Amino acid sequence: MSKKTNFTTDDTKFMLKAIELSKNSMESDSGGPFGAVVVKNGKIVGIGHNKVTSSNDPTAHAEVVAIRDACKNLKTFQLDDCVIYTSCEPCPMCLGAIYWARPKRIVFACNKNDAAEVGFDDNFIYKEIELPIEKRSIKTEQHLRDEGLKVFKAWDEKTDKEKY
């Protein structure tokens, strides 16, 4: 039984572009098989493909690269009224970046289980997030909180800050 969808021809066009970028990333050996595009008002404003291995940057996932490109092109740090099309369901890091960018919608092709089947399993991160800090696999410690809070207090009192 096929599932009825409300996807437009534009949705299909932009998703195919994200998938094409994922294929190009894989074939060029620049990173894993992931691609993403950011669209505003029917126009691509940001593109990205995985560059983790080619840039030696563990944060250079397709969605993050596309968000950076879109923000640069739009000269803003928020992607209001944008849609992010990505070849795979975003990992926890990318999902966080997407939420901070505040687009209106995310559309993905493969899901996290599909990714896990080919060696990209983020389930351990989801489990780590739920653990108390002292039980996480990477030792995490709090130090000099009072000194850090002084800066937060100064930020809170700053009258000319740009909120985000």
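The values are calculated or read from the model by the stated rules, or taken from the named source; none is laboratory data. Just so it is clear, the model here is predicted, and its values are computed rather than measured. Reconstructed Cβ throughout: ideal geometry from the backbone, glycine too, with neighbour counts over all protein chains shown. With ligands, DNA and RNA removed, areas are computed over all heavy atoms of the protein, side chains included. Shrake-Rupley method; radii C 1.70, N 1.55, O 1.52, S 1.80 Å.
On C-alpha positions alone, give me the angle between the axis of helix 62-74 and the longest principal axis of the chain, in degrees, nearest 10. So the inclination is approximately 80 degrees. Modelled this way, with points 7 Å down the Cα-to-C-beta line, the labels at ILE138 and ASP121 are 1.9 nm from one another. Between ASP11 and ASN113, residue separation times 0.36 nm minus the direct Cα-Cα distance comes to 34.5 nm. Backbone amide hydrogens, once placed in the peptide plane, bring GLU89 within less than 5 Å of ALA109, CYS110, ASN111, LYS112, excluding anything fewer than 5 places away on its chain. With θ taken as phi - 60° and the Karplus curve 6.51 cos²θ - 1.76 cosθ + 1.60 applied, the whole-hertz 3J(HN,Hα) list for the stretch 116-131 is 4, 5, 10, x, 10, 9, 9, 4, 4, 6, 4, 5, 4, 4, 6, 6 Hz, x standing for glycine and proline.
Taking all protein chains into account, the per residue accessible area for the stretch 38-139 stands at 61 Å² (1.4 Å probe). Would you mind classifying the stretch 1-111 by shape? Square roots of the alpha carbon gyration tensor eigenvalues, ordered a ≥ b ≥ c; an a/c under 1.5 is rounded, otherwise it is prolate if a/b is larger than b/c and oblate if not. Oblate, because a/c is 1.5 or more while a/b does not exceed b/c.
Length available on full extension from LYS163 to LEU149: 0.36 nm per residue minus the Cα-Cα distance, which gives 3.2 nm. With the full set of protein chains in place, find how many percent of the accessible area of the chain is carbon and sulfur; take the probe as 1.4 Å. With neighbouring chains kept in place, the figure for the chain is 55 percent. The trypsin sites (Lys or Arg not before Pro) of the stretch 1-107 that meet both conditions, a loop assignment by DSSP and at most 11 other Cβ atoms within 10 Å of the site Cβ, are LYS3, LYS4, LYS75, LYS104. If R0 is 30 Å, the Cβ-Cβ spacing of MET26 and TYR99 corresponds to a FRET efficiency of close to 0.65.
Based on DSSP H segments of at least four residues, each scored -39500 (n - 2.57), the chain has a per-residue ellipticity at 222 nm of -13000 deg cm²/dmol. Note on the stretch 65-164: dipole from Cβ charges, positive end direction compared against ALA101, ASN123, TRP155; the farthest Cα belongs to TRP155. Expressed as an acute angle from 0 to 90° and rounded to the nearest 10, what is the orientation of the C-alpha long axis of helix 145-157 relative to the principal long axis of the chain? Once rounded, the angle reads 70 degrees.
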